[in-house]
1. What's the number of the only condition in (1) over 19 Å from the mean Cα position of the chain (by Cα); (2) more than 17 Å from Gln281 (Cα to Cα) that Val367 fails to meet?
2. Counting only residues that are open to solvent by 10 Å² or more (accessible area, probe 1.4 Å) and either under 16 Å from Ala311 (Cβ atoms) or more than 10 Å from the ligand (Cβ to nearest atom) (or both), how many does the range 360-370 have?
3. Of all residues in the range 315-344, which are open to solvent by less than 40 Å² (accessible area, probe 1.4 Å) and more than 24 Å from the chain's Cα centre (by Cα)?
4. Only one residue in Glu205, Glu241 is closer than 29 Å to His56 by Cα and crowded, with 20+ Cβ neighbours inside 10 Å. Which one?
5. Considering only residues of the range 371-383 that are open to solvent by less than 10 Å² (accessible area, probe 1.4 Å) and outside any helix (DSSP H, G or I), which is modelled with the highest pLDDT?
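The values are calculated or read from the model by the stated rules, or taken from the named source; none is laboratory data. Being a predicted model, the structure only gives us computed values, none of them experimental. We place every Cβ from the backbone using ideal geometry, glycine too, and count neighbours over all the protein chains shown. Quick note on the areas: whole protein, heavy atoms, side chains included, nothing else; ligands and nucleic acids left out. Shrake-Rupley method; radii C 1.70, N 1.55, O 1.52, S 1.80 Å.
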Amino acid sequence: MGERTALVWLRNDLRLADNPALHAAFDAADRVAALYVHQSDPDVRAPGGAARWWLHHSLADLNEELAKLGVRLSVHTGSALDTVRAALKDSGATSVFWNRRYGPAEARTDLVVENMLRAEGVDIGTFAANVLAEPWTVKTGAGNPFSVYTPFWKALKGQHIPTPLPAPKGRSPIKPIPVDTDYRQPRWAGKLTPYWHIGEAGAHEALAVFIDGGLPDYPQGRDFPARAVTSRLSPHLRFGEISPRQIWHAGHGLAAREPHRAETVDKFLSELAWRDFNYHQLYHREDIATVPMQGKYATMTWRDAPGELAAWQQGRTGFPIVDAGMREMWATGFMQNRVRMLTASLLAKNLLIDWRRGEQWFWDCLVDADDANNPGNWQWVAGSGLDASPYFRIFNPVTQGERFDVEGAYVRQWVPELAKLPDQWVQQPFAAPADVLRQAGIVLGQTYPQPIVDLKTSRVRALEVAREL
Ligand code: FAD
């Protein structure tokens with residue numbers, strides 16, 4: 001019998017360890033080939049700019065790592081069906097493996113590919129790899145999907161979360177051929193480079209740094225953007241450079257060795273599980289990026305205010321913590337969670353601008369933007385999500401700034417024109433006495449904007465609109 005080849009189709013699982021599809025390919029054949037498809041299928045949402053930049057570097061890194069195991073990676077742009085068919089022919093593979101995806105459009109293309117492969121008589125293996133528990137495995141007592149987070153989290157905790165697999169044992173290494181991974185990378189994205197170590201090694205480094213550094217302060221510190229105690233694992237998870245199961249078991253391992261940390265670990269894992277909750281919603285609904293999950297929001301009239309939208313996008317709203325967040329995201333591809341909530345609330349509630357406009361901006365700017373968590377969280381803030389923030393919860397960016405950026409360190413970092421303001425005024429320069437502004441070198445409307453909206457009246461307006469719904 002001749003040498004058998006298996007093809008592994010990589011998607012949001014750009015890693016060697018805990019990659020069941022890659023593992024199965026090694027078990028099935030003497031030779032393994034890998035494929036990545038920049039999918040051009042019409043329903044599949046193309047990644048935003050910052051994510052394309054990350055993807056380019058992640059694929060380049062993976063190419064090198066796969067070559068050490070004797071696996072050649074090919075990267076192509078096209079429809080999933082045509083590209084997998086062509087790769088099958090090129091490689092002569094008799095079996096194909098992949099890890100499952102949960103977006104309805106992705107699942108549909110996977111099914112089309114699966115049917116084609118079956119018709120060709122090719123062996124197929126598909127696996128769970130990128131969530132803690134697949135969407136159809138966590139259900140209410142009545143057998144329905146959960147729409148409330150807390151019972152979902154309880155049910156998830158009761159699931160068996162499989163132990164991560166090691167990386168497959170390599171065969172003869174090959175010389176990596178540089179692949180053309182450069183998929184419409186935006187020119188601006190190069191500036192993100194200093195902030196990230198992209199790839200599987202970078203992901204594990206981020207986890208180790210977090211466990212040794214931020215974790216003990218996580219429950220108290222995670223809401224404070226200047227403390228930077230969170231894991232920053234989200235873009236690594238987005239591209240599957242690390243699996244949630246690896247993080248889960250790292251957390252439980254730590255809690256077993258050091259029981260006094262168990263509560264802290266539990267808090268961290270309960271946040272990780274929000275990621276799964278959003279994937280469950282993605283799976284059970286047709287299009288969470290455009291359709292409000294609560295039907296009544298479909299009739300909502302949003303304001304058309306391009307000038308205000310642009311000011312928000314550019315971090316020129318006149319609310320320092322909001323502007324700091326928007327500028328942090330533009331500079332680094334990341335924004336801390338509490339600040340994401342504040343910036344989103346200002347747009348969708350105070351400005352009454354359609355949350356989908358904000359979601360789209362985040363989609364393009366965030367390195368971690370994904371189909372489940374970006375729309376899921378936007379709908380949470382806008383109020384249209386399941387188990388969403390209630391309509392009357394409208395964050396006040398001044399009091400939130402005073403609470404979570406007490407000394408203004410975060411504002412001073414990202415909005416340097418306010419750096420000289422005393423703590424008392426740094427979250428609300430518009431209220432500062434004239435001499436304080438003068439001493440800090442600030443001319444409102446010139447060196448820093450006046451607020452683009454009045455917080456009190458816009459709050460009342462948002463409440464009225466929500467009540468009408
Ligand atoms: P940590 O606090 O260290 O948490 C660990 C992991 O848990 C995260 O990496 C993430 O995978 C998960 N997690 C934590 N909080 C959440 C949450 N609220 N929802 C879902 N998962 C969570 N997260 C994304 O991964 N992609 C997005 O596109 C995204 N868009 C968002 C948009 C808005 C408007 C808001 C309010 C939040 C969004 N989030 C998104 C959730 C959250 O802000 C980020 O996951 C988190 O800030 C990432 O930082 P971290 O890795 O340091 O998180």
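1. All conditions pass for Val367, except number (1).
2. 3
3. Correct list: Thr317, Gly318, Phe319, Pro320.
4. Values: Glu205 fails: crowded, with 20+ Cβ neighbours inside 10 Å.
Selected residue: Glu241, the only one of Glu205, Glu241 that is closer than 29 Å to His56 by Cα and crowded, with 20+ Cβ neighbours inside 10 Å.
5. That would be Ala372.
A quick yes/no check of all residues on (1) among the basic types (Lys, Arg); (2) under 28 Å from the mean Cα position of the chain (by Cα):
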site: Thr109; (1), (2): no, yes
site: Met116; (1), (2): no, no
site: Gly125; (1), (2): no, yes
site: Ala133; (1), (2): no, yes
site: Lys139; (1), (2): yes, yes
site: Lys154; (1), (2): yes, yes
site: Gly158; (1), (2): no, yes
site: Pro164; (1), (2): no, yes
site: Ala167; (1), (2): no, yes
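Here is a yes/no grid of residues against (1) farther than 22 Å from Trp330 by Cβ; (2) modelled with pLDDT of 95 or more; (3) within 35 Å of the chain's Cα centre (by Cα):
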residue: Gln413; (1), (2), (3): no, yes, yes
residue: Trp425; (1), (2), (3): yes, yes, yes
residue: Ala432; (1), (2), (3): yes, yes, no
residue: Ile452; (1), (2), (3): no, yes, yes
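Conditions (1) touching a residue at least 24 places away in the same chain (Cβ under 8 Å); (2) of a type in the set (Asp, Glu); (3) within 12 Å of the ligand (Cβ to nearest atom); (4) within 18 Å of Gly190 (Cα to Cα), marked per residue:
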position	(1), (2), (3), (4)
Gly318	yes, no, no, no
Ala324	yes, no, no, no
Arg327	yes, no, no, yes
Trp330	yes, no, no, yes
Met335	yes, no, yes, yes
Val339	yes, no, yes, no
Ile353	yes, no, no, no
Gly358	yes, no, yes, no
